[in-house]
1. Of the residues that sit in the stretch 357-373 and are of a type in the set (A, V, I, L, M) and over 13 Å from Ser105 (Cα atoms), which one is surrounded by the fewest Cβ atoms within 10 Å (Cβ to Cβ)?
2. Go through the stretch 297-325 residue by residue and tally those that are more than 15 Å from Val215 (Cβ to Cβ), more than 20 Å from the chain's Cα centre (by Cα) and free of Cβ contacts under 8 Å to residues at least 40 places away in the same chain.
3. Please pick out the residue among Asp259, Asp276 that is assigned by TED's automatic domain parsing to the domain that holds Lys333, part of a helix (DSSP H, G or I), exposed (fewer than 15 other Cβ atoms within 10 Å of the Cβ) and within 21 Å of the chain's Cα centre (by Cα).
4. Is at least one residue of the stretch 133-145 outside any helix (DSSP H, G or I) and either of a type in the set (Lys, Arg) or in contact with a Pro (Cβ under 7 Å, 6 or more places away or on another chain) (or both)?
5. For the stretch 321-348: of the residues being in contact with a Leu (Cβ under 8 Å, 6 or more places away or on another chain) and among the hydrophobic types (A, V, I, L, M, F, W, C), which is surrounded by the fewest Cβ atoms within 10 Å (Cβ to Cβ)?
6. Pairs please, first residue from the stretch 262-273 and outside any loop (DSSP other than H, G, I, E, B), second anywhere and basic (Lys, Arg) and crowded, with 21+ Cβ neighbours inside 10 Å, Cβ atoms under 8 Å, 6+ apart in sequence or on different chains.
7. Out of contact with any Pro (no Cβ under 9 Å at 6 or more places or on another chain) and closer than 30 Å to Cys257 by Cβ - does that describe any residue in the stretch 124-131?
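The values are calculated or read from the model by the stated rules, or taken from the named source; none is laboratory data. Note that this is a predicted model, so its numbers are computed, not measured. Here the Cβ positions follow ideal geometry from the backbone for every residue, glycine too, while neighbour counts run over all protein chains shown.
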Amino acid sequence: MGMSSIEVKKANQNSVLRYVLQQEEETKNSIAGALGLSIPTVTQCLKKLEDYGLVKETGSMQSIGGRKAIGYTCIKNAKAAIGVDITPNHVNIVVIDLAMQLLYSKRQNIRLYDDKASYDALRRVIEQALYESGVKKDSILGMGISLPTITDETGTRIFAMHEKMQISFGFYDTVKDWFDFPVIMRNDANCAAQAEMKARGETGNAVYFFISQSVGGAIVNHGKINPGESLREGEFGHMTLIPGPTGRPCFCGRRGCADAYLTTSILADAADGLLDKFFQELPEKEAYRALWEEYLQYLALAIHNLNMVFDRPLIIGGYLGEYIGSYTEELGKKIREMDPYLEDSSFVKPAVLKYEAAAMGAAAVFTEQYLNSL
């Protein structure tokens with residue numbers, strides 16, 4: 001059964017909005033040509049989007065002859081969303097517009113505990129960030145919270161969380177009434193992966209390897225995250241790297257999990273808890289080089305295993321994604337040594353987005369909901 005005329009109009013309107021969102025300035029003719037729509041259809045869509053306060057005329061554009069065309073641009077900050085990424089030691093807060101562009105970003109060293117004083121401190125940090133961002137409260141669509149947890153489909157319940165997280169499993173009930181806008185919780189790796197694919201403008205398949213203080217990931221099919229039947233798909237941190245009693249103990253109770261070998265805390269702890277310091281001093285410090293060599297060997301093994309299973313581009317994100325770009329050649333060599341049939345390791349790529357990725361992906365839950373609702 002085909003779409004009704006109303007559904008067709010909504011689909012066309014959504015297509016026009018999403019196209020204009022990614023451009024600086026467009027004419028009716030250029031929009032129609034890009035989307036394969038008629039001029040009257042584009043005109044009708046633009047009028048509706050103007051009524052919503054999402055598109056405006058920018059005046060006449062330059063012409064090489066004939067009548068000058070009217071330009072249109074999207075008011076990208078007409079709506080905004082907040083993203084809060086909570087890790088064991090940091091809170092990253094972002095505000096994004098409808099095009100998922102950063103309007104505001106702030107990172108603070110905060111360790112949350114399950115008590116009122118700690119939660120009140122988090123609330124004040126978020127309120128301060130909103131004030132500093134200058135975003136009008138009536139334009140905020142909602143707040144997405146990214147966590148190293150497994151949450152349910154509604155984003156209101158936590159089933160499991162990283163051992164270093166000391167918040168309550170009822171965390172949602174604590175924060176849901178702080179603000180007038182809706183709140184939702186999401187897994188950090190899934191958020192970061194979705195934001196990364198959006199930033200790349202890719203709709204293909206990929207493996208997103210999220211390596212921060214916790215290790216996880218996501219499997220991307222046609223640009224979308226597949227959470228799995230039990231919402232645990234992509235939990236790469238708990239695949240076994242070193243089996244048996246010699247494996248390092250993992251917080252899950254088992255031994256030899258990837259998380260025990262690849263958490264960035266291993267590197268940061270060697271440099272006074274500062275990952276940035278580790279990589280800054282890595283070229284000169286022999287002890288750091290030895291640790292990094294061992295770390296890369298385990299990372300190569302994990303990527304080799306993932307490549308054997310999925311055979312698709314692999315993106316390294318999370319905190320490690322900020323630094324791995326300078327070491328992809330060294331890493332690629334180790335991966336190729338593990339697979340005699342692998343001639344090219346260019347399938348491994350550093351993430352485009354850095355530490356804000358998870359927060360941006362959490363915020364984008366609301367911008368996507370809004371765009372889809374129009």
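1. At the first step, the residues of the stretch 357-373 found to be of a type in the set (A, V, I, L, M) are 357-360, 362-365, 371.
Those left that are additionally over 13 Å from Ser105 (Cα atoms): 362, 364-365, 371.
On the way: Ala362: 35, Ala364: 23, Val365: 24, Leu371: 17.
It comes out as Leu371.
2. First, pick out the residues of the stretch 297-325 that are more than 15 Å from Val215 (Cβ to Cβ): 297, 304, 307-313, 322-323, 325.
Pick out the ones that are also more than 20 Å from the chain's Cα centre (by Cα) and you get 297, 304, 307-311.
Okay, now just the ones that are also free of Cβ contacts under 8 Å to residues at least 40 places away in the same chain, so 297, 304, 308-309, 311.
Of the residues in the stretch 297-325, 5 are more than 15 Å from Val215 (Cβ to Cβ), more than 20 Å from the chain's Cα centre (by Cα) and free of Cβ contacts under 8 Å to residues at least 40 places away in the same chain.
3. Numbers: Asp259 fails: exposed (fewer than 15 other Cβ atoms within 10 Å of the Cβ).
Result of the check over Asp259, Asp276: Asp276.
4. Taking the stretch 133-145 as the starting set, the residues that turn out to be outside any helix (DSSP H, G or I) are 134-136, 140-145.
Subset that is either of a type in the set (Lys, Arg) or in contact with a Pro (Cβ under 7 Å, 6 or more places away or on another chain) (or both): 136, 142.
Looking through the stretch 133-145, at least one residue is outside any helix (DSSP H, G or I) and either of a type in the set (Lys, Arg) or in contact with a Pro (Cβ under 7 Å, 6 or more places away or on another chain) (or both).
5. Within the stretch 321-348, the match that is surrounded by the fewest Cβ atoms within 10 Å (Cβ to Cβ) is Met338.
6. Every condition considered, no pair remains.
7. Looking only at the stretch 124-131, we keep the residues that are out of contact with any Pro (no Cβ under 9 Å at 6 or more places or on another chain), and these are 124-131.
After this cut, where a residue has to be closer than 30 Å to Cys257 by Cβ as well, the list is none.
No, the stretch 124-131 contains no residue that is out of contact with any Pro (no Cβ under 9 Å at 6 or more places or on another chain) and closer than 30 Å to Cys257 by Cβ.
Residues are listed down the side, and each one gets a yes or a no for (1) in the same structural domain as His162 (by TED's automatic domain parsing); (2) aliphatic (A, V, I, L, M); (3) over 21 Å from the mean Cα position of the chain (by Cα):
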position	(1), (2), (3)
Ala69	no, yes, yes
Val84	yes, yes, no
Ile93	yes, yes, no
Leu98	yes, yes, no
Lys116	yes, no, yes
Asp120	yes, no, yes
Ile126	yes, yes, no
Ser133	yes, no, no
Ser139	yes, no, yes
